[in-house]
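Take this structure first; my questions come after.
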Amino acid sequence: MIEIKDLHKSYKMGSNSLHVLKGINFSCEAGELVAIMGSSGSGKSTLLNILGMLDEADSGEYTLDGVPIKDLSETKAANYRNKFLGFVFQSFNLINYKSAMENVALPLYYQRVPRKERQEKSLKYLERVGLREWATHLPSELSGGQKQRVAIARAMAAEPKVLLADEPTGALDSTTSYEVMDLIQKINDEGNTILVVTHEPDIAEMCKRVIHLKDGVIVEDKKVEQVRASQYVK
Amino acid sequence: MLSRDTWKEIFETIQKNKLRTFLTGFTVALGIFIFVTLFGMGNGLNNTFAKFFGDDATNVFFVFPGRTTIPYKGYKANRRIEFENKDLTDIEDKFSMLLEYISPRITRNALVTYNDESDNYSTRAVGPAHQFAEKTILMKGRYINENDIKGKTKYAVIGRLVEQDLFKGEESIGKFIDLGGSVFKVIGVFQDDGGDNEERNIYIPFTTRQLIEKNTDKIDQIILAFRPEIGYAGAMAFEGKLDAFLRDKKFISPEDPNGIFIRNVADNLKQNQQFAAVLQIIISGIAFAVIISGIIGISNIMVFVVKERTKEIGIRKALGATPRKVTNSILFESIFITTISGFVGMIIGVVVLGQIGGKTLEDDYFITNPYIASGTAVFATILLIVCGTIAGYIPARRAAKIKPIVALRDE
């Protein structure tokens with residue numbers, strides 16, 4: 001599903017340049033649930049941003065579902081993101097003046113899905129994250145866990161090839177974190193490919209494969225026995 | 001160009017960001033409102049101006065005699081010049097090709113009495129043609145005619161306010177009034193656009209006045225009109241010829257600045273029109289500045305709006321919005337708001353102009369019938385919308401180009 005070869009990325013900081021990714025090689029199959037771990041500054045978020053086409057690599061190859069991702073114009077990147085990728089952010093990034101349902105429907109709007117179908121679909125995905133009754137509520141009326149579930153519903157509504165989650169539990173307490181992870185696991189059980197950036201070991205253990213990044217290179221890549229989050233959820 | 005869906009998205013955004021919408025709309029509406037009212041007031045000022053100077057015929061010369069200051073052809077300086085009846089016929093003979101009409105005018109103040117009512121009024125002893133020079137409008141009865149001049153009749157044409165003051169609503173035609181010791185019969189009542197003072201005049205035949213004043217043939221002033229076909233240049237030439245003719249006839253040095261005066265209304269009119277034009281330019285300048293500051297106002301708000309929405313733009317881009325879609329939605333939102341509020345401001349301005357026009361404004365502030373041509377108002381509104389759009393496009397485009405990760409980091 002994802003194939004990257006010798007990926008480099010550095011940031012210019014005034015006269016210095018900060019080499020963040022120093023040759024990443026990585027591939028992942030459809031249906032995997034991968035945790036990307038590392039201390040802060042290890043380059044894990046940068047890697048996810050490049051995978052999410054929110055940022056561009058300096059050199060290296062990136063193929064997503066057989067499509068080579070290179071020479072991206074903003075418009076092309078936007079179209080790929082819309083078609084291939086779903087995002088879940090640490091700070092949820094819901095649009096605050098839109099209701100839960102409208103937030104979920106937004107990627108469908110950019111896919112030019114007709115209005116009625118958008119509404120049906122977004123209700124369906126809200127139902128799946130257990131928030132159907134909250135459809136008309138604004139993000140400010142939802143708890144942190146609920147917001148993240150809306151964000152996940154939004155990411156899933158576009159039916160992406162890959163779901164990218166950047167510290168999805170970073171702003172949540174452990175109980176809500178497990179609820180969110182339970183949801184992510186269920187989505188993965190349905191065959192979706194998910195990449196989760198985290199620095200919490202217990203969250204990483206709930207994935208099927210863990211990648212450790214350190215100083216811009218992958219130092220460890222192992223399959224793990226998945227811990228089901230459902231046992232912590234009442 | 002835009003699907004119904006896009007519009008719906010724009011409406012929703014507008015609806016849910018009321019403060020932002022209000023700020024933008026208010027700036028535009030206020031700008032247009034100020035422009036419309038200011039411009040309208042300017043036009044009102046111009047109207048008053050036209051009214052002040054539009055009272056008399058525009059093809060008229062007023063000729064006044066003066067006192068010489070230079071000795072000439074054996075005559076001493078400081079000699080008083082006087083016109084007499086002969087001068088009228090001489091001018092008529094000499095300039096028959098250029099002249100449309102001519103009338104003398106002898107002005108005297110007189111105590112006028114009817115029954116118990118009396119007051120001082122200015123009487124003007126004139127010829128029949130004077131009616132055209134002053135644009136006197138007859139309400140009833142008739143004006144002084146040639147027979148009155150020949151017969152030296154004791155007939156008077158009184159102003160509307162004279163009738164009102166002396167007759168108190170009674171019918172005045174055919175009644176007799178005492179005018180400075182002589183009895184005159186009222187044969188007509190007139191009104192005049194030149195204001196209240198004009199309507200406190202009384203016209204009598206000039207020959208009658210001369211008869212009363214010991215059968216003299218002296219005249220105070222001569223009022224004459226040239227044929228309008230000769231145009232402005234022709235009028236100026238006529239003025240020069242008339243001046244030379246009268247100086248020659250009355251033995252006044254061509255260099256003497258005081259012997260004779262000719263007031264050329266055409267010349268005045270031209271000056272007045274220039275003055276009015278300058279006034280209009282000043283007003284237009286101010287109005288233009290208002291529009292410019294309106295444009296700057298919208299630009300500032302657009303920059304603020306886009307800045308405020310940076311994070312939202314980042315989210316939308318992450319979800320698959322192309323830069324073009326981002327730019328379009330910001331732009332159409334601003335066009336929609338500026339158009340609606342622009343026209344609202346314009347309509348309010350026009351309505352306010354219509355409401356404030358009235359007697360107080362006219363008398364105290366010299367503003368008559370303030371109005372704005374609908375073309376001007378619409379043009380200014382559209383100009384503001386177009387400039388607002390251009391001003392909005394630049395920050396919108398820049399925002400659309402921000403990398404999503406940069407935009408997402410914005411708090």
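The values are calculated or read from the model by the stated rules, or taken from the named source; none is laboratory data. In this text, all values refer to a predicted model and were calculated from it rather than measured experimentally. Ideal geometry is used to build each Cβ from the backbone, glycine not excepted, and the neighbour counts take in all protein chains shown. Each accessible area value is taken on the protein alone, full model and side chains, heavy atoms only, with ligands, DNA and RNA left out. Shrake-Rupley method; radii C 1.70, N 1.55, O 1.52, S 1.80 Å.
Spot the failing condition for B:Leu224; the list is (1) in a helix (DSSP H, G or I); (2) open to solvent by less than 40 Å² (accessible area, probe 1.4 Å), and only one is missed.
The number of the failed condition is (1).
Out of all the residues in the stretch A:4-19, is one or more crowded, with 21+ Cβ neighbours inside 10 Å and within 22 Å of A:Thr169 (Cβ to Cβ)?
no
Which ones in the stretch B:214-236 are free of Cβ contacts under 8 Å to residues at least 60 places away in the same chain and acidic (Asp, Glu)?
B:Glu229
So, of the residues in the stretch B:297-317 that are within 12 Å of chain A (Cβ to nearest Cβ) and in contact with a helix residue (DSSP H, G or I) (Cβ under 8 Å, 6 or more places away or on another chain), which turns out to be nearest to B:Asp5 (Cα to Cα)?
B:Arg316
While we're here: For the stretch B:318-411, list the helices (runs of 4 or more DSSP H) that sit wholly inside it and hold at least 3 residues that are out of contact with any Cys (no Cβ under 6 Å at 6 or more places or on another chain), away from chain A (no Cβ under 14 Å) and surrounded by 18 or more Cβ atoms within 10 Å (Cβ to Cβ); which are they?
In the stretch B:318-411, B:323-356, B:374-401 are the helices (runs of 4 or more DSSP H) which contain 3 or more residues that are out of contact with any Cys (no Cβ under 6 Å at 6 or more places or on another chain), away from chain A (no Cβ under 14 Å) and surrounded by 18 or more Cβ atoms within 10 Å (Cβ to Cβ).
Now for a different question. State yes or no: is A:Lys9 of a type in the set (Lys, Arg), part of a strand (DSSP E or B) and in contact with a helix residue (DSSP H, G or I) (Cβ under 9 Å, 6 or more places away or on another chain)?
Yes.
Follow-up. Restricting attention to the stretch B:100-128, and to residues there that are part of a loop (DSSP other than H, G, I, E, B) and modelled with pLDDT of 90 or more, which single residue is most open to solvent (accessible area, probe 1.4 Å)?
Ranking the qualifying residues of the stretch B:100-128, first place goes to B:Pro128.
Please determine whether any residue of the stretch B:205-213 is in the same structural domain as B:Gly141 (by TED's automatic domain parsing), over 15 Å from B:Gly127 (Cβ atoms) and open to solvent by 70 Å² or more (accessible area, probe 1.4 Å).
Within the stretch B:205-213, none of the residues are in the same structural domain as B:Gly141 (by TED's automatic domain parsing), over 15 Å from B:Gly127 (Cβ atoms) and open to solvent by 70 Å² or more (accessible area, probe 1.4 Å).
Return a yes/no flag: does the stretch B:145-153 have any residue that is part of a strand (DSSP E or B), out of contact with any Asp or Glu (no Cβ under 6 Å at 6 or more places or on another chain) and of a type outside the set (Val, Ile, Thr).
No; the residues of the stretch B:145-153 include none that is part of a strand (DSSP E or B), out of contact with any Asp or Glu (no Cβ under 6 Å at 6 or more places or on another chain) and of a type outside the set (Val, Ile, Thr).
Residues being more than 10 Å from chain A (Cβ to nearest Cβ) and open to solvent by less than 30 Å² (accessible area, probe 1.4 Å): count how many of those fall in the stretch B:1-19.
The qualifying residues number 2.
Would you confirm whether or not the stretch A:71-80 contains a residue that is within 10 Å of chain B (Cβ to nearest Cβ) and either closer than 30 Å to A:Val210 by Cβ or in contact (Cβ under 8 Å) with a residue 60 or more places away in the chain (or both)?
Looking for residues that are within 10 Å of chain B (Cβ to nearest Cβ) and either closer than 30 Å to A:Val210 by Cβ or in contact (Cβ under 8 Å) with a residue 60 or more places away in the chain (or both), one finds at least one in the stretch A:71-80, hence yes.
Which of the residues spanning the stretch B:154-186 are touching a residue at least 40 places away in the same chain (Cβ under 8 Å), assigned to a helix (DSSP H, G or I) and hydrophobic (A, V, I, L, M, F, W, C)?
Listed by number, the residues that qualify are B:Val162, B:Leu166, B:Phe167.
Further question: I need the full set of residues from the stretch A:39-96 which are of a type in the set (Ser, Thr, Tyr), closer than 21 Å to A:Ala165 by Cβ and outside any strand (DSSP E or B), in order please.
Answer for the stretch A:39-96, where residues must be of a type in the set (Ser, Thr, Tyr), closer than 21 Å to A:Ala165 by Cβ and outside any strand (DSSP E or B): A:Ser39, A:Ser40, A:Ser42, A:Ser45, A:Thr46, A:Tyr80, A:Ser91.
Working only within the stretch A:54-69, note down all residues that are within 28 Å of B:Lys311 (Cβ to Cβ), more than 7 Å from chain B (Cβ to nearest Cβ) and either charged (D, E, K, R) or exposed (fewer than 14 other Cβ atoms within 10 Å of the Cβ) (or both).
A:Glu56, A:Asp58
Exactly one of these conditions fails for B:Lys175: (1) among the basic types (Lys, Arg); (2) out of contact with any strand residue (DSSP E or B) (no Cβ under 6 Å at 6 or more places or on another chain); (3) open to solvent by less than 70 Å² (accessible area, probe 1.4 Å). Give me its number.
Looking at each condition in turn, B:Lys175 falls short on (2).
Would you tally the residues in the stretch B:130-144 being part of a loop (DSSP other than H, G, I, E, B) and surrounded by fewer than 18 Cβ atoms within 10 Å (Cβ to Cβ)?
The number of residues fulfilling the criteria is 2.
Let me ask something else. Kindly provide the set of residues from the stretch B:75-99 that are touching a residue at least 24 places away in the same chain (Cβ under 8 Å) and not in a loop (DSSP other than H, G, I, E, B), ordered by number.
B:Tyr75, B:Phe83, B:Glu84, B:Asn85, B:Lys86, B:Asp87, B:Leu88, B:Asp90, B:Ile91, B:Lys94, B:Leu99
Restricting the first residue to the stretch A:55-69 and requiring it to be more than 17 Å from B:Ala318 (Cβ to Cβ), which pairs with a second residue that is open to solvent by 80 Å² or more (accessible area, probe 1.4 Å) and not in a strand (DSSP E or B) meet a Cβ separation below 6 Å and a spacing of at least six or different chains?
A:Asp65/A:Lys161
What number of residues within the stretch A:87-102 satisfy the criterion of being within 9 Å of chain B (Cβ to nearest Cβ) and open to solvent by less than 40 Å² (accessible area, probe 1.4 Å)?
So the count comes out to 7.
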